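The structure appears right after this line, and notes come after that.
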Amino acid sequence: MDISLGDELFDKISNGTKTVEVFLNDEQMKHFGVGDTLAIHRKSDNEDVILTSAWSIKKCRTMTELYQRYAPEAVGMAPNELSGIYDSDTVKKQGLLAVKMKVLRPNYE
């Protein structure tokens, strides 16, 4: 699976502070599992890529549950920032998946 992130979040993964990527628990994520590879591209330079492996996937019903399990530093953003990406009605309907990542290969090597 490939995703693109802005420079700030990309750098947080690269330097090891962001260890959790959050997704809606939707159809696209149905077949993503532990051990699968996640290629994270830098939006400003698609050639910068970090390959990660999902070593843990937790289902969370609410943002509150997500932030009880993981610190904002691990998620890479504060709860109010994540709320700007995923609205509360959608989260209530679908829930969230917290994918704990292990870097396999850092970017730009």
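The values are calculated or read from the model by the stated rules, or taken from the named source; none is laboratory data. Note that the structure is a prediction, hence the values are computed from the model and not measured. Don't worry about glycine lacking a Cβ; one is built from the backbone with ideal geometry, like all the others, and counts go over all protein chains shown.
Residues of region 56-96 being exposed (fewer than 14 other Cβ atoms within 10 Å of the Cβ) and among the small types (Gly, Ala, Ser), which ones?
Selection gives Ser56, Ala71, Ala78, Ser83, Gly84, Ser88.
For (1) of a type outside the set (A, V, I, L, M); (2) at pLDDT below 95; (3) under 14 Å from the mean Cα position of the chain (by Cα), each residue gets a yes or a no:
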| residue | (1), (2), (3) |
| --- | --- |
| Ser53 | yes, no, yes |
| Lys58 | yes, no, yes |
| Thr64 | yes, no, no |
| Ala74 | no, no, yes |
| Pro79 | yes, no, yes |
| Ser88 | yes, yes, no |
| Lys93 | yes, no, no |
| Leu96 | no, no, yes |
| Pro106 | yes, yes, no |
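Kindly establish whether Leu97 is under 14 Å from Val20 (Cβ atoms), aliphatic (A, V, I, L, M) and in a helix (DSSP H, G or I).
The answer is no for Leu97.
Filter region 12-31 for residues that are part of a helix (DSSP H, G or I) and either under 13 Å from the mean Cα position of the chain (by Cα) or in contact (Cβ under 8 Å) with a residue 12 or more places away in the chain (or both); which is farthest from Arg105 (Cα to Cα)?
Met29
Residue pairs, Cβ under 8 Å, 6 or more apart or interchain, first in region 35-58 and without any contact (Cβ under 8 Å) to a residue 60 or more places away in the chain and within 12 Å of Thr19 (Cβ to Cβ), second β-branched (Val, Ile, Thr) and in a loop (DSSP other than H, G, I, E, B). List them.
Ala54/Val34; Trp55/Val34; Ser56/Val34
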